[in-house]
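The values are calculated or read from the model by the stated rules, or taken from the named source; none is laboratory data. All values derive from a computational prediction rather than experimental measurement. Glycine gets a Cβ as well: all are built from the backbone with ideal geometry, and neighbour counts include every protein chain shown. Calculation scope for accessible area: heavy atoms of the full protein, side chains included, ligands and nucleic acids excluded. Shrake-Rupley method; radii C 1.70, N 1.55, O 1.52, S 1.80 Å.
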Amino acid sequence: MVAMFFPSTNLHSWPTTAAEAIELQQEFRHRVKIENDFGELKTVAGIDVSYDIKADTSRAVIVLMKLDRLEPLQTIVTDAPTTFPYIPGLLSFREIPVILQALGHLATKPDLLMVDGQGIAHPRRLGIAAHLGVLVDMPSIGVAKSRLTGTYKEPGPATGDQSPLMDKGERIGTVLRSKPKTNVLFISPGHRMDIATATQLTLQCLRGYRLPEPTRIADKISKQRERRQQTLL
DNA sequence: GCGACAG
DNA sequence: ATCTTGTCGC
(Lines give C-alpha, C1' and ligand atoms only; values in the text may rest on other atoms or scores of the structure.)
Protein backbone atom coordinates (compact mmCIF):
# COMPACT_ATOMS: atom_id res chain seq x y z
CA MET A 1 0.00 0.00 0.00
CA VAL A 2 1.56 3.23 -1.16
CA ALA A 3 0.83 6.95 -0.88
CA MET A 4 -1.79 6.46 1.79
CA PHE A 5 -0.92 9.79 3.38
CA PHE A 6 -1.05 11.69 0.12
CA PRO A 7 -4.30 10.78 -1.63
CA SER A 8 -4.70 13.80 -3.91
CA THR A 9 -1.33 13.84 -5.61
CA ASN A 10 -2.11 12.78 -9.18
CA LEU A 11 0.40 13.95 -11.74
CA HIS A 12 -1.71 13.22 -14.80
CA SER A 13 -1.53 16.71 -16.23
CA TRP A 14 2.08 17.37 -15.28
CA PRO A 15 3.61 20.02 -17.58
CA THR A 16 5.92 18.97 -20.40
CA THR A 17 7.04 22.36 -21.65
CA ALA A 18 8.32 25.49 -19.94
CA ALA A 19 5.30 27.45 -21.15
CA GLU A 20 2.88 24.98 -19.58
CA ALA A 21 4.88 24.94 -16.35
CA ILE A 22 4.83 28.73 -16.01
CA GLU A 23 1.12 28.71 -16.71
CA LEU A 24 0.57 26.22 -13.90
CA GLN A 25 2.69 28.32 -11.53
CA GLN A 26 0.57 31.39 -12.21
CA GLU A 27 -2.47 29.36 -11.21
CA PHE A 28 -0.93 27.71 -8.15
CA ARG A 29 0.73 30.77 -6.67
CA HIS A 30 -2.62 31.83 -5.29
CA ARG A 31 -3.09 28.57 -3.39
CA VAL A 32 -0.04 29.18 -1.21
CA LYS A 33 -0.91 30.12 2.36
CA ILE A 34 1.72 32.16 4.20
CA GLU A 35 0.10 32.01 7.62
CA ASN A 36 0.82 29.47 10.33
CA ASP A 37 -1.68 26.67 9.91
CA PHE A 38 -0.59 23.57 11.77
CA GLY A 39 -0.88 21.78 15.11
CA GLU A 40 1.95 20.56 17.25
CA LEU A 41 5.04 19.90 15.14
CA LYS A 42 6.68 16.72 16.34
CA THR A 43 8.38 15.44 13.20
CA VAL A 44 10.08 16.90 10.15
CA ALA A 45 11.08 15.32 6.84
CA GLY A 46 14.23 16.58 5.12
CA ILE A 47 14.10 16.25 1.32
CA ASP A 48 16.91 16.28 -1.23
CA VAL A 49 17.21 15.20 -4.88
CA SER A 50 20.33 14.14 -6.76
CA TYR A 51 20.94 12.93 -10.31
CA ASP A 52 22.65 10.20 -12.26
CA ILE A 53 23.57 11.89 -15.52
CA LYS A 54 24.48 8.71 -17.39
CA ALA A 55 21.36 6.78 -16.40
CA ASP A 56 19.23 9.92 -16.75
CA THR A 57 17.54 9.19 -13.43
CA SER A 58 16.67 11.32 -10.40
CA ARG A 59 16.97 10.16 -6.81
CA ALA A 60 14.91 11.50 -3.91
CA VAL A 61 16.13 11.03 -0.35
CA ILE A 62 13.79 11.72 2.55
CA VAL A 63 14.93 11.67 6.15
CA LEU A 64 12.24 11.65 8.81
CA MET A 65 13.22 12.86 12.26
CA LYS A 66 11.73 14.12 15.50
CA LEU A 67 12.08 17.88 15.82
CA ASP A 68 13.39 17.63 19.37
CA ARG A 69 15.95 14.90 18.73
CA LEU A 70 16.99 15.52 15.14
CA GLU A 71 18.06 11.94 14.67
CA PRO A 72 16.84 9.82 11.71
CA LEU A 73 13.71 7.76 12.36
CA GLN A 74 13.38 6.51 8.80
CA THR A 75 15.13 7.21 5.52
CA ILE A 76 13.63 6.67 2.08
CA VAL A 77 15.56 6.49 -1.20
CA THR A 78 13.77 6.16 -4.53
CA ASP A 79 14.82 6.57 -8.16
CA ALA A 80 12.82 7.58 -11.22
CA PRO A 81 13.57 8.63 -14.79
CA THR A 82 14.40 12.33 -15.13
CA THR A 83 11.60 13.80 -17.20
CA PHE A 84 12.03 17.57 -17.09
CA PRO A 85 15.16 19.70 -17.75
CA TYR A 86 16.69 22.02 -15.20
CA ILE A 87 15.44 25.51 -15.90
CA PRO A 88 15.94 28.24 -13.26
CA GLY A 89 12.49 28.96 -11.84
CA LEU A 90 11.04 25.61 -12.90
CA LEU A 91 12.93 23.27 -10.57
CA SER A 92 9.77 21.82 -9.03
CA PHE A 93 8.67 20.27 -12.31
CA ARG A 94 11.94 18.35 -12.42
CA GLU A 95 12.06 17.19 -8.80
CA ILE A 96 8.51 16.87 -7.44
CA PRO A 97 7.57 13.66 -9.29
CA VAL A 98 10.31 11.58 -7.67
CA ILE A 99 9.76 13.31 -4.33
CA LEU A 100 6.08 12.32 -4.30
CA GLN A 101 7.10 8.77 -5.10
CA ALA A 102 9.43 8.78 -2.07
CA LEU A 103 6.86 10.38 0.24
CA GLY A 104 4.53 7.50 -0.56
CA HIS A 105 6.93 5.10 1.13
CA LEU A 106 7.02 6.84 4.52
CA ALA A 107 5.68 4.77 7.40
CA THR A 108 4.23 7.82 9.13
CA LYS A 109 3.13 11.20 7.84
CA PRO A 110 5.53 14.03 8.83
CA ASP A 111 4.23 17.22 10.47
CA LEU A 112 6.55 19.39 8.40
CA LEU A 113 8.55 19.23 5.16
CA MET A 114 11.96 20.86 4.76
CA VAL A 115 13.07 21.05 1.14
CA ASP A 116 16.42 21.82 -0.48
CA GLY A 117 15.44 24.86 -2.57
CA GLN A 118 13.27 27.98 -2.41
CA GLY A 119 9.79 28.36 -0.93
CA ILE A 120 8.11 31.63 -1.97
CA ALA A 121 11.49 33.26 -2.67
CA HIS A 122 10.77 32.70 -6.35
CA PRO A 123 9.95 34.97 -9.32
CA ARG A 124 6.33 33.77 -9.26
CA ARG A 125 6.34 32.90 -5.54
CA LEU A 126 6.16 29.18 -6.19
CA GLY A 127 9.54 27.64 -5.50
CA ILE A 128 9.72 23.87 -5.03
CA ALA A 129 8.95 23.97 -1.29
CA ALA A 130 5.81 26.06 -1.87
CA HIS A 131 4.68 23.97 -4.82
CA LEU A 132 5.18 20.70 -2.94
CA GLY A 133 3.48 22.06 0.18
CA VAL A 134 0.39 23.01 -1.82
CA LEU A 135 0.26 19.67 -3.63
CA VAL A 136 0.31 17.59 -0.45
CA ASP A 137 -1.35 20.30 1.67
CA MET A 138 1.33 20.32 4.35
CA PRO A 139 3.40 22.93 6.16
CA SER A 140 6.74 23.30 4.34
CA ILE A 141 9.97 25.30 4.41
CA GLY A 142 12.45 26.03 1.64
CA VAL A 143 16.13 26.02 2.60
CA ALA A 144 18.30 27.09 -0.34
CA LYS A 145 22.08 27.31 -0.50
CA SER A 146 22.03 30.13 -3.03
CA ARG A 147 19.80 32.94 -4.26
CA LEU A 148 17.29 32.62 -7.05
CA THR A 149 15.70 36.06 -6.80
CA GLY A 150 15.57 39.00 -4.39
CA THR A 151 17.98 41.49 -2.82
CA TYR A 152 19.49 41.68 0.66
CA LYS A 153 22.20 43.09 2.84
CA GLU A 154 24.89 40.63 3.89
CA PRO A 155 24.07 39.32 7.41
CA GLY A 156 26.54 39.61 10.29
CA PRO A 157 29.18 36.91 10.96
CA ALA A 158 27.54 35.15 13.91
CA THR A 159 25.25 32.15 13.84
CA GLY A 160 21.68 33.43 13.77
CA ASP A 161 22.54 36.76 12.16
CA GLN A 162 20.03 37.50 9.45
CA SER A 163 18.55 40.05 7.07
CA PRO A 164 15.32 40.18 5.07
CA LEU A 165 15.26 38.91 1.50
CA MET A 166 13.27 41.44 -0.53
CA ASP A 167 11.75 41.38 -4.00
CA LYS A 168 9.53 43.92 -5.72
CA GLY A 169 8.90 45.73 -2.46
CA GLU A 170 7.85 42.70 -0.46
CA ARG A 171 9.66 40.46 1.94
CA ILE A 172 9.97 36.93 0.56
CA GLY A 173 12.32 35.28 3.03
CA THR A 174 15.30 35.46 5.36
CA VAL A 175 19.00 35.39 4.53
CA LEU A 176 20.54 33.48 7.42
CA ARG A 177 24.05 32.94 8.73
CA SER A 178 23.64 29.37 9.96
CA LYS A 179 27.31 28.94 10.82
CA PRO A 180 30.32 31.31 11.16
CA LYS A 181 32.60 31.66 8.14
CA THR A 182 30.27 29.90 5.74
CA ASN A 183 27.96 31.20 3.03
CA VAL A 184 24.48 32.24 4.10
CA LEU A 185 21.30 30.22 3.59
CA PHE A 186 18.10 31.51 1.95
CA ILE A 187 15.07 30.57 4.02
CA SER A 188 11.51 31.06 2.84
CA PRO A 189 8.18 29.54 3.82
CA GLY A 190 6.72 27.01 1.46
CA HIS A 191 3.13 26.63 2.63
CA ARG A 192 0.94 27.06 5.72
CA MET A 193 3.65 29.04 7.51
CA ASP A 194 4.97 32.59 7.83
CA ILE A 195 8.51 33.86 7.26
CA ALA A 196 9.40 34.28 10.93
CA THR A 197 8.27 30.76 11.80
CA ALA A 198 10.14 29.22 8.86
CA THR A 199 13.29 30.99 10.04
CA GLN A 200 12.78 30.00 13.67
CA LEU A 201 12.21 26.35 12.79
CA THR A 202 15.32 26.31 10.62
CA LEU A 203 17.38 27.70 13.49
CA GLN A 204 15.86 25.04 15.73
CA CYS A 205 17.15 22.35 13.36
CA LEU A 206 20.77 23.56 13.30
CA ARG A 207 23.40 21.41 14.98
CA GLY A 208 26.69 23.12 14.31
CA TYR A 209 26.68 22.72 10.54
CA ARG A 210 25.70 25.12 7.78
CA LEU A 211 22.69 23.06 6.78
CA PRO A 212 19.85 22.14 9.16
CA GLU A 213 19.90 18.44 10.10
CA PRO A 214 16.95 17.22 8.01
CA THR A 215 18.42 18.53 4.75
CA ARG A 216 22.02 17.88 5.75
CA ILE A 217 21.46 14.20 6.49
CA ALA A 218 19.35 13.73 3.36
CA ASP A 219 22.14 15.27 1.29
CA LYS A 220 24.77 13.13 2.99
CA ILE A 221 22.86 9.91 2.29
CA SER A 222 22.32 11.01 -1.29
CA LYS A 223 26.04 11.35 -1.82
CA GLN A 224 26.93 8.12 0.01
CA ARG A 225 24.69 6.14 -2.30
CA GLU A 226 26.21 7.72 -5.36
CA ARG A 227 29.74 6.87 -4.34
CA ARG A 228 28.77 3.27 -3.67
CA GLN A 229 27.30 2.95 -7.12
CA GLN A 230 30.25 4.62 -8.80
CA THR A 231 32.78 2.37 -7.08
CA LEU A 232 30.86 -0.61 -8.41
CA LEU A 233 31.30 0.52 -12.00
C1' DG B 1 20.32 43.19 -26.61
C1' DC B 2 22.79 42.07 -21.98
C1' DG B 3 23.15 39.84 -17.36
C1' DA B 4 21.04 36.57 -13.77
C1' DC B 5 19.80 32.17 -12.99
C1' DA B 6 17.27 27.16 -6.67
C1' DG B 7 19.20 22.05 -7.98
C1' DA C 1 23.12 18.96 -9.61
C1' DT C 2 27.65 16.87 -11.64
C1' DC C 3 32.54 16.61 -13.48
C1' DT C 4 37.16 16.05 -9.97
C1' DT C 5 42.86 16.30 -6.40
C1' DG C 6 44.95 18.55 -3.86
C1' DT C 7 45.14 22.22 -0.87
C1' DC C 8 44.49 26.53 2.14
C1' DG C 9 42.41 27.83 6.56
C1' DC C 10 40.17 27.23 11.08
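So the values come out like this:
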item	result
Residue-wise HN-Hα coupling along segment A:141-152, computed from phi with Karplus coefficients 6.51, -1.76, 1.60 (Hz; x: Gly, Pro)	9, x, 10, 9, 8, 8, 7, 9, 8, x, 10, 6
Vicinal HN-Hα couplings computed from phi for segment A:71-82 (Karplus, 6.51 cos²θ - 1.76 cosθ + 1.60; Hz; Gly/Pro x)	10, x, 9, 7, 10, 10, 9, 9, 10, 7, x, 7
Partners for A:Lys109 among aspartates and glutamates (Cα-Cα distance below 13 Å; same-chain residues under 8 apart left out)	A:Asp137
Amide H contacts of A:Gly173 (H built 1.01 Å from N, under 5 Å, at least 5 apart or other chain)	A:Leu165
For segment A:86-117 and segment A:189-219, distance of Cα centres in Å	16
Accessible area per residue, Å², chain A with all protein chains present, probe 1.4 Å	48
Percent of Cα-Cα distances greater than 29 Å, calculated over chain A	22
Listed residue (A:Ala21, A:Ile187, A:Pro110) projecting farthest to the positive dipole end of chain A, Cβ model	A:Ile187
Helix-derived mean residue ellipticity, 222 nm - over chain A, DSSP H n ≥ 4, -39500 (n - 2.57), to 500	-8500 deg cm²/dmol
DSSP-defined antiparallel bridges as percent of all bridges, chain A, nearest 5	80
List A:Arg94, A:Arg147, ordered by accessible area with a 1.4 Å probe, largest first	A:Arg147, A:Arg94
Student exercise, chain A dipole from Lys, Arg, Asp, Glu Cβ charges, in Debye to nearest 20	680
Over 24 Å between alpha carbons, listed pairs A:Lys153/A:Lys223; A:Lys42/A:Lys223; A:Lys66/A:Lys153; A:Lys153/A:Lys179; A:Lys66/A:Lys179; A:Lys145/A:Lys179	A:Lys153/A:Lys223; A:Lys42/A:Lys223; A:Lys66/A:Lys153
Largest to smallest accessible area among A:Glu213, A:Glu170, A:Glu40, A:Glu154 [probe 1.4 Å]	A:Glu40, A:Glu154, A:Glu170, A:Glu213
